[in-house]
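Below: the structure, in structure tokens.
The values are calculated or read from the model by the stated rules, or taken from the named source; none is laboratory data. Only a predicted model underlies this, so the values are computations on that prediction, with no experimental measurement involved. Every residue, glycine among them, receives a Cβ derived from its backbone with ideal geometry; neighbour counts consider all protein chains shown. The accessibility values were calculated without ligands, DNA or RNA, using every heavy atom of the protein model including side chains. Shrake-Rupley method; radii C 1.70, N 1.55, O 1.52, S 1.80 Å.
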Amino acid sequence: MSGSAVLLQFLNGLAGASSLFLVAAGLSLIFGVTRIVNFAHGSLFMLGMYAALALEPHVGFWWSVPLAALAVGALGALLEALLLRRLYAAPELLQLLATFALVLLIKDFALWAWGPEDLLGPRAPGLDGAVRIAGSRFPEYDLFLIALGPLVLGALWALLRRTRWGILVRAATQDREMAGALGVDERRLFASVFALGALLAGLGGALQLPREPATLAIDLQIVVDAFVVVVIGGLGSIPGAFLAALLIGEIKAFCIGLGYSEFTLAIEFVVMAAVLVLRPWGLLGRLPAPRRGPGALEPPLAPPSRAVLLALAGVAAGLCALPLATGGYALVLLTDILVFAIFAVSLHFLMGPGGMLSFGHAAYFGLGAYGAGLLTLKAGAPMMLALLAAPFAAASAALVFGWFCVRLQGVYLAMLTLAFAQIVWSVVYQWNAFTGGSNGLIGIWPAAWLSARTAYYYLTLAACLAATACMWRMLFAPFGYALRAGRDSPLRAGAIGIDVRAHQWAAFVFAGLFAGLAGGLYAFSKGSISPEALAVPRSVDGLVMVLLGGVHTLIGPLWGAALFTWLQDSVARGFDYWRAVIGAVILLLVLVLPGGLGSLLRGRRAP
Amino acid sequence: MRTLIALLLLATATNAPSQTLKIGELNSYKVFPAFLEPYKKGWQLALEEINAAGGAAGRKLEIVSRDDGGTPGDAVRVAEELIAREKVDVLMGTFASHVGLAVANLANQRKILFLAAEPLTDKIVWENGNRYTFRLRPSTYMQTAMLIPEALKLKKKRWAIVYPNYEYGQSATASFKKLLKQAQPDVEFVAEQAPPLGKIDAGAVVQALAEAKPDAIFSSLFAVDLQKFVREGNTRGLFKSTVVFNLLAGEPEYLDTLKDETPEGWWVTGYPWSEIDTPEHRRFRDAYQKRWNDYPRQGSVVGYTAVYSVANAAKRAGSIDTEKLIEALKGLQMPTPFGQILWRPIDHQSTMGAYVGQLAQKAGRGVMVDWRYADGATYQPSDREIRALRKE
């Protein structure tokens, strides 16, 4: 690269960093104060884009930007008041499920309101040209963005440091319960922070319009990027978010400038993994105060009562008898449900009793699937051998990744699991010769004696029963009690001689092992496997299943997997706007049944 | 229990023969709505026309359409539902290559005819080709080969390449480099950029390409990536001195979004719907506009022709038996809005072609000018190469 090329790529990196910072700043604020993992932040960004696009013909681009931002901010305040406020006392993470439902609803709303086509916005009047820098043309609008990033940073800094409201926000970020105890009105504070965060997301979206078209796919893309920036910077730290955005923006620009554009597929996750391993609270983050209050109390996990066990045995017997009634599609759907049930139970094992949130559990599902596929296709292994070996492919990855992950806590841990999952994904996605690249592996069919739908259904059912029984048994063995002790009170557990990290690490590996089993079964039931099996949406699906079922119940994940898979199958057939329908169902369940489906039919209540 | 199962099997087998030809259609309507809504309108029009004319092989056509969720795993489940519950005679559809390949693989396992309408991947008829799978749209290889004659005429030496980082972009790039190098051995490839699909960092990519000072650029970007690339390239003046060849950019689905940003002079493959004046296209366009009050896109032609292909195969076979349909489809010649096509017996690829031309702006809209129809039959590797790829 010549000197002028270095300068220009540096400027490109700055422009990218500014865009990233705007959307990440709002997310960081919201998380810092309310602890809500706001999946819908990208959707608010998307709404900002569409709103600006709709306003632009009437008021011009420059007016459409603040108006769109205000509109999205108002929507944020509304969402907080009508929905999220009801969930603060609910078990932790339920808000995550609610925001996921919002993602689905907003996406279908945008489709309904603005149609399916990608809409390329206007250029910014007055800044539509380019200026000469070092002999090349550089967009004026990018220069504007480069200046805007630090300006917004300065404004936020002043707001947080120089106003009373800012002091309260910082107090709540540091220790929310303490701030509440000292008489800070949490309701108003949360509502205002959520509105400001939403406003920043809307602003980021509107300002992006001259650079990229408004599309329906941008919501999840942006929210993942924004989370990465927020976590690298340190949750709740605005300067940290700026620094992280700068780091990511520049690294990406120079990867492209130096001709290593393939690396940009997952470079931010590599950076995030490196930062989290070296600095577990992000670049400028701080160890948050432990959660107290009603949301933090986890009810003790009771073994299922006799009645529940009998009911479950009845369900299992019914499933065994089902092929007598049908040999058709019901078995295909149930095979899928059983596979995802194993996956959800394994994730629950990690999240519930293990207390380790994971955003990247699909990695182990996918590695199991690819392990089975590669053994069958490349090594010519018999099917049963491939299926039995698949979980160990996943478990060995969990062994390595888990070692790093258990050193972290909370959302940092979750984001590190995501980073590892994305790194695995990007390798699988690009290694054409070995993993088949983006097309994946084709032609992974079960052995002849298992190829009938009924036979394969029985295999999956047996695997699901065995895996579930095995994981539940572990939970009520001394290992499980020690694991939960470590979750509820790491200090006390350590003091009585439990090696908390070792237990967490073991739980991580077991969860990976069973997810791998689910993946292997999945591969043989579909006949092929592609990188989607270990991509973010699969991890999110798993989370939704566990949370729908109830993270603090034992059988919840089974119901969650069944309901979510069945919903996706049947609603997609019946409704054009099926995503919105699923979103509405989830919202309803969240509000009516905050404990999850599993709380309807639970084990012995703790006294 | 075995007797019970046998009885059940018997019951399904002796179901009264349906008096329809039932097509199970599945596609990623929610993931690629911009391409697939016109596609749906296309096949609906064909369905209505065929049934108004009395159907095919003495039967009415019926289409059961499903959203395949956009992932191979979901698509396979949806296809199983169409096979097992809806008892369809033929599967049709899919858009993304990996979804198409997964369904093709299932079709082979379940022994049902699958007409892959949209997927572009070469593998679906070559490396992973199977007896039960046929593909309509011109493949990545074919569309790349269609641009080669124009690329050669320019005698440009320094080429830069930009492609979305997944199989379509990779194989377009590989085919382009191979074909160009064969015909023009002194060609040099001076830069290669592979941004992630849907997430191009356009400013940095344009800058990096300009830095390599290429005479020409070959791009297989589309949709969002294409729009961002075009806008940045226009602002930064990349296209002033560099001629660009871009697969698919002339398809209305992608071209129409560019409006006044449409870069003049680009060589593209596409579909100049307003300009094609052959009688068969005029008839199709008029019928489509009358039915939908909208103009046809590339997807409309694909959906329309896919249904006619199934109907024509059934007519030729005089039956809806899968094996007879396969034999009838092999070597089937039929008219389409683009003219006559042939379903090649050797690899189950149709010879449907595409239009090659240059982009221009007309009243703030992108159009294709100086176009020619590139017949898909012409842009194929030798039979020997294909047999080797299909391992036959």
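The table for this structure:
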item	result
Hits in region B:27-47 - residues which are within 13 Å of another protein chain (Cβ to nearest Cβ) and part of a helix (DSSP H, G or I)	B:Pro33, B:Ala34, B:Phe35, B:Leu36, B:Glu37, B:Pro38, B:Tyr39, B:Lys40, B:Lys41
Selection within region A:513-544 - open to solvent by less than 10 Å² (accessible area, probe 1.4 Å) and within 10 Å of the chain's Cα centre (by Cα)	A:Ser539, A:Gly542, A:Leu543, A:Val544
Evaluation of B:Ile320 against (1) hydrophobic (A, V, I, L, M, F, W, C); (2) over 19 Å from the mean Cα position of the chain (by Cα); (3) at pLDDT 95 or above (one fails), failing number	(3)
Failed item, numbered, when A:Phe359 is tested on (1) crowded, with 24+ Cβ neighbours inside 10 Å; (2) more than 25 Å from A:Asp499 (Cα to Cα)	(2)
Among residues of region B:43-78, those that are small (Gly, Ala, Ser) and in contact with a strand residue (DSSP E or B) (Cβ under 7 Å, 6 or more places away or on another chain), counted	5
Which listed residue, of A:Ala206, A:Ala214, A:Ala226, is within 24 Å of A:Met49 (Cβ to Cβ) and touching a Pro at 6+ places or on another chain (Cβ under 9 Å)	A:Ala206
Any hit, region A:168-191, residues being within 14 Å of chain B (Cβ to nearest Cβ) and either open to solvent by 10 Å² or more (accessible area, probe 1.4 Å) or farther than 30 Å from B:Leu258 by Cα (or both)	no
Tally, over region A:330-342, of residues that are surrounded by fewer than 23 Cβ atoms within 10 Å (Cβ to Cβ) and polar (S, T, N, Q)	0
Subset of region A:167-184 (residues that are assigned to a loop (DSSP other than H, G, I, E, B) and either polar (S, T, N, Q) or within 19 Å of A:Ser28 (Cα to Cα) (or both))	A:Asp175
Failed criterion for A:Ile442 (all others in (1) surrounded by fewer than 17 Cβ atoms within 10 Å (Cβ to Cβ); (2) modelled with pLDDT under 95 hold)	(1)
Close pairs from region A:98-117: first over 20 Å from B:Tyr39 (Cβ atoms), partner acidic (Asp, Glu) and in a helix (DSSP H, G or I), Cβ under 8 Å, at least 6 apart	A:Val103/A:Asp219; A:Ile106/A:Asp219; A:Lys107/A:Asp219
The listed residue being open to solvent by less than 10 Å² (accessible area, probe 1.4 Å), farther than 20 Å from A:Trp559 by Cα and over 19 Å from the mean Cα position of the chain (by Cα), out of A:Gly327, A:Gly368, A:Gly402	A:Gly368
Among the candidates A:Val590, A:Val551, residue that is among the aliphatic types (A, V, I, L, M), more than 14 Å from chain B (Cβ to nearest Cβ) and open to solvent by less than 10 Å² (accessible area, probe 1.4 Å)	A:Val590
Every pair of residues 6+ apart whose Cβ atoms lie under 9 Å, when the first sits in region B:42-64 and is more than 9 Å from B:Ala311 (Cβ to Cβ) while the second is part of a loop (DSSP other than H, G, I, E, B) and open to solvent by 40 Å² or more (accessible area, probe 1.4 Å)	B:Gly58/B:Gln19; B:Gly58/B:Gly318; B:Arg59/B:Ser18; B:Arg59/B:Gln19; B:Lys60/B:Gln19; B:Lys60/B:Gly54; B:Glu62/B:Ser18; B:Val64/B:Glu86
Of all residues in region B:365-392 being more than 13 Å from B:Tyr141 (Cα to Cα) and in a loop (DSSP other than H, G, I, E, B), the one that is least open to solvent (accessible area, probe 1.4 Å)	B:Arg390
Meets criteria (among the charged types (D, E, K, R) and either surrounded by fewer than 17 Cβ atoms within 10 Å (Cβ to Cβ) or on the phi > 0 side of the Ramachandran plot (or both)) for A:Arg123	no
Residue count, region B:339-354 (criterion: open to solvent by less than 10 Å² (accessible area, probe 1.4 Å) and at negative phi)	9
Residue tally, condition open to solvent by 30 Å² or more (accessible area, probe 1.4 Å) and in a helix (DSSP H, G or I), over region A:475-493	9
Selection status of A:Ser192, more than 23 Å from A:Asn38 (Cα to Cα) and of a type in the set (Ser, Thr, Tyr)	no
Qualifying residue in region A:451-466 (condition: closer than 19 Å to A:Ser396 by Cβ and part of a helix (DSSP H, G or I))	no
Tally, over region A:395-449, of residues that are aromatic (Phe, Trp, Tyr) and free of Cβ contacts under 8 Å to residues at least 12 places away in the same chain	2
Boolean, B:Arg291 is buried (at least 24 other Cβ atoms within 10 Å of the Cβ) and of a type in the set (Lys, Arg)	no
Hey, A:Thr460 crowded, with 20+ Cβ neighbours inside 10 Å, under 30 Å from A:Ser305 (Cβ atoms), touching a residue at least 60 places away in the same chain (Cβ under 8 Å) and not aromatic (Phe, Trp, Tyr) or not	yes
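So that you can scan it fast, the table gives a plain yes or no per residue for (1) away from every other protein chain (no Cβ under 14 Å); (2) buried (at least 24 other Cβ atoms within 10 Å of the Cβ); (3) among the polar types (S, T, N, Q):
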{"position": "A:Ser4", "(1), (2), (3)": "no, no, yes"}
{"position": "A:Leu11", "(1), (2), (3)": "no, no, no"}
{"position": "A:Ala17", "(1), (2), (3)": "no, yes, no"}
{"position": "A:Val23", "(1), (2), (3)": "yes, yes, no"}
{"position": "A:Leu27", "(1), (2), (3)": "yes, yes, no"}
{"position": "A:Val33", "(1), (2), (3)": "yes, yes, no"}
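Matching residues to (1) more than 20 Å from the chain's Cα centre (by Cα); (2) farther than 17 Å from A:Pro125 by Cα; (3) not acidic (Asp, Glu):
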{"site": "A:Gly48", "(1), (2), (3)": "yes, yes, yes"}
{"site": "A:Leu53", "(1), (2), (3)": "yes, no, yes"}
{"site": "A:Trp62", "(1), (2), (3)": "yes, no, yes"}
{"site": "A:Val65", "(1), (2), (3)": "yes, no, yes"}
{"site": "A:Ala69", "(1), (2), (3)": "yes, yes, yes"}
{"site": "A:Ala74", "(1), (2), (3)": "yes, yes, yes"}
{"site": "A:Ala77", "(1), (2), (3)": "yes, yes, yes"}
{"site": "A:Leu84", "(1), (2), (3)": "no, yes, yes"}
{"site": "A:Tyr88", "(1), (2), (3)": "no, yes, yes"}
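Rundown of residues vs (1) under 26 Å from A:Gly16 (Cα atoms); (2) open to solvent by less than 10 Å² (accessible area, probe 1.4 Å); (3) over 23 Å from the mean Cα position of the chain (by Cα), yes/no style:
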| site | (1), (2), (3) |
| --- | --- |
| B:Asp225 | yes, yes, no |
| B:Gly233 | yes, yes, yes |
| B:Leu248 | no, yes, no |
| B:Lys259 | yes, no, yes |
| B:Trp267 | no, no, no |
| B:Tyr271 | no, yes, no |
| B:Ser274 | no, no, no |
